[in-house]
Amino acid sequence: MTIRVLIADDQDIVRTGLRMILDAQPDIEVVADAADGRTAIELARRLRPDVCLVDIRMPEHDGIEVTRQLAGPDVDDPLAVVVITTFDMDEYVHGALKAGARGFLLKDAGPELLAQAVRSAANGDALIAPSVTARLLAAFSDIGSSARSPAVEPIDPLTEREEEVLVTVARGRTNAEIADDLSISLSTVKTHLASLMNKLGARNRVELAMWAYETDRVPARPSDT
């Protein structure tokens, strides 16, 4: 099945480059692009793409507002949003992830990682790159700890295995890597992920990772290895 993508970025050259990379993939098709947030929201609601690739800084509405309106907690039928930015410590990225984004990429991530992020978002298996997203989430969790409301522990406590799976997710491991790390099957990994999302009220892997950082279940500054 072809993955339909909408690109939102205020720079013509960036939109063109992203379109060329994605259209070159046999299973991905760019169905529209937008130069501002308002247009991106209108096109996304009308076309219902499988994935929206959204720049964090745009006129009209920024990436946070676009994400909130397309994938936020109050959206009945949310779309998959992947945030892209030039800066790996952009102050708005944490807000975009809180608003419902499934992943985060740098614009220089490269064609392979870009395509992987789109496929992951379309499959509901959000990309969390260990060298980028996990580090960024850890930094924002640390920076905002004094102003942030304490994360609420679930009524139904996590099992020891769920704790292990949660930490691997926060460190950016894929399902296959988690299965290999913990010597369990892929189906068991998916079962634990579903249970974690249910217990924590999380909508995706990004929210699981954020909760893990906010509850100090992973080091504040994980290594990139």
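The values are calculated or read from the model by the stated rules, or taken from the named source; none is laboratory data. These numbers come from a predicted model, not from an experiment. When we count neighbours, we look across all protein chains shown, and the Cβ atoms used for this are built from the backbone with ideal geometry, even at glycine. Areas reflect the complete protein model, heavy atoms only, side chains present, ligands, DNA and RNA absent. Shrake-Rupley method; radii C 1.70, N 1.55, O 1.52, S 1.80 Å.
Provide a single number: the residues in the stretch 42-54 that are within 14 Å of residue 82 (Cα to Cα) and either open to solvent by 10 Å² or more (accessible area, probe 1.4 Å) or not β-branched (Val, Ile, Thr) (or both).
Residues of the stretch 42-54 within 14 Å of residue 82 (Cα to Cα): 44, 49-54.
Cutting the leftovers down to either open to solvent by 10 Å² or more (accessible area, probe 1.4 Å) or not β-branched (Val, Ile, Thr) (or both) gives us 44, 49-50, 52-53.
Here the count works out to 5.
I need the helices (runs of 4 or more DSSP H) fully contained in the stretch 1-109, keeping only those with at least 1 residues that are touching a strand residue (DSSP E or B) at 6+ places or on another chain (Cβ under 9 Å) and more than 30 Å from residue 201 (Cα to Cα).
12-23, 37-47
Condition first: in contact with a Gly (Cβ under 9 Å, 6 or more places away or on another chain) and either at pLDDT 90 or above or crowded, with 18+ Cβ neighbours inside 10 Å (or both). Now tell me which residues in the stretch 186-210 satisfy that.
Of all residues in the stretch 186-210, those in contact with a Gly (Cβ under 9 Å, 6 or more places away or on another chain) come to 203-207, 209.
If the condition is that a residue be in contact with a Gly (Cβ under 9 Å, 6 or more places away or on another chain) and either at pLDDT 90 or above or crowded, with 18+ Cβ neighbours inside 10 Å (or both), then 204, 205, 206, 207, 209 are the ones that fit.
If I ask for residues that are surrounded by 21 or more Cβ atoms within 10 Å (Cβ to Cβ) and not β-branched (Val, Ile, Thr), which ones from the stretch 1-19 would you list?
6, 8, 9, 18
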